[in-house]
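Notes for the one structure printed next.
The values are calculated or read from the model by the stated rules, or taken from the named source; none is laboratory data. No experiment lies behind these values; they were computed from the predicted model shown. A quick note on method: Cβ atoms are made from the backbone with ideal geometry, for glycine too, and the neighbour counts reach across all protein chains shown.
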Ligand code: NDP
């Protein structure tokens, strides 16, 4: 009898992760025999926990806050996008026993924006709020869409400047603090701060969002986040949260592991329906 292949998401905290649900929906849809668990792993136990997982026959891992930089350091090989991000959210055991690290966050975001919501990034002025791990993962895939420019604004200004410096060979990208945003306007504003998780907002000036512009919060919740509400209040044509990105980055990881691409639309619709009961 065949046994299912084992996968897991490591993070801390991890209790509320939707990843086990998403991957079991993908597995049912594609007929793949997998088992996917969430495991709480503190940063100091990361290396031992990953080694034990693969030694016991595990095939692949997702890594989330605060483990993405550690996963980057753990991987024997990295994809180009993971190398650029210096953060890894997907580890995959290779046939020769080595571990490949990838970062599917940026690709998940771009797919959600462009394919699911029909928003073109080409030629757009884009503002990214925040300069943490999520921002690192999304900058290169966004620059590949050839926006007019990216501005990264962060509370700790030095981190925004550093990030802009790391990616400037790939396109027009600059960094600043929130107070430098007065008088500027953007067609797409992405909130990659974790402020929404505590229902807070970075200080944003009026007039920041262009007419018919889009707001997108990488965070998601059962009710609209503070930034999604800000977008609606400031006339956004669309003000979206990161549920679609979450499902798309998971689909990309599933593809890396299983070589099969699940359909994401029914999974997004199902999870969205569960948080907005009619
Ligand atoms: P990090 O902890 O690495 O970075 C947090 C960022 O938020 C920093 O830039 C920090 O600024 C900023 N910040 C925190 N609190 C505030 C505040 N009150 N006001 C202004 N800025 C603040 O987190 P990540 O980058 O890993 O995650 C960011 C968000 O993206 C989270 O909400 C996470 O859930 C979401 N995410 C969603 C994904 C999805 O699939 N939908 C995937 C990955 C992330 P400073 O540098 O000054 O401390």
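None of 140, 131, 92, 75 is within 16 Å of the ligand (Cβ to nearest atom) and in contact with a strand residue (DSSP E or B) (Cβ under 9 Å, 6 or more places away or on another chain) except 131.
In the stretch 2-17, the condition of being crowded, with 18+ Cβ neighbours inside 10 Å, in a loop (DSSP other than H, G, I, E, B) and touching a helix residue (DSSP H, G or I) at 6+ places or on another chain (Cβ under 9 Å) is met by no residue. The test for being touching a residue at least 60 places away in the same chain (Cβ under 8 Å) and closer than 25 Å to residue 266 by Cα does not hold for residue 14. Scanning the stretch 40-92 for residues that are buried (at least 16 other Cβ atoms within 10 Å of the Cβ) and farther than 22 Å from residue 106 by Cβ returns 41, 46, 49, 50, 53, 54, 58, 59. Restricting the stretch 154-164 to residues that are over 27 Å from residue 247 (Cβ atoms) and in contact with a strand residue (DSSP E or B) (Cβ under 6 Å, 6 or more places away or on another chain), the residue that is farthest from the ligand (Cβ to nearest atom) is 164. Of the set (1) within 16 Å of the ligand (Cβ to nearest atom); (2) closer than 21 Å to residue 252 by Cα, all apply to residue 43 but (2). Does residue 175 fit the bill of being touching a residue at least 40 places away in the same chain (Cβ under 8 Å) and either in a strand (DSSP E or B) or within 12 Å of the ligand (Cβ to nearest atom) (or both)? Answer is yes for this residue. Counting only strands (runs of 3 or more DSSP E) that sit wholly inside the stretch 72-158, those with at least 2 residues that are modelled with pLDDT of 95 or more and more than 30 Å from residue 48 (Cα to Cα) are 125-129, 149-153. Can you spot a residue in the stretch 246-259 that is farther than 20 Å from residue 63 by Cα and touching a residue at least 40 places away in the same chain (Cβ under 8 Å)? The answer is no, given that none of the residues of the stretch 246-259 is farther than 20 Å from residue 63 by Cα and touching a residue at least 40 places away in the same chain (Cβ under 8 Å).
If the condition is being farther than 13 Å from residue 216 by Cα and over 15 Å from the mean Cα position of the chain (by Cα), then the stretch 119-140 contributes 120, 122, 123, 124, 125.
Within the stretch 145-158, the residues that satisfy the criterion of being touching a helix residue (DSSP H, G or I) at 6+ places or on another chain (Cβ under 9 Å) and touching a residue at least 24 places away in the same chain (Cβ under 8 Å) are 145, 150, 151, 152, 153, 154, 155. Considering the stretch 183-275, the qualifying helices (runs of 4 or more DSSP H), each wholly inside and each with 3 or more residues that are surrounded by 17 or more Cβ atoms within 10 Å (Cβ to Cβ), more than 12 Å from the ligand (Cβ to nearest atom) and over 18 Å from the mean Cα position of the chain (by Cα), run over 226-233.
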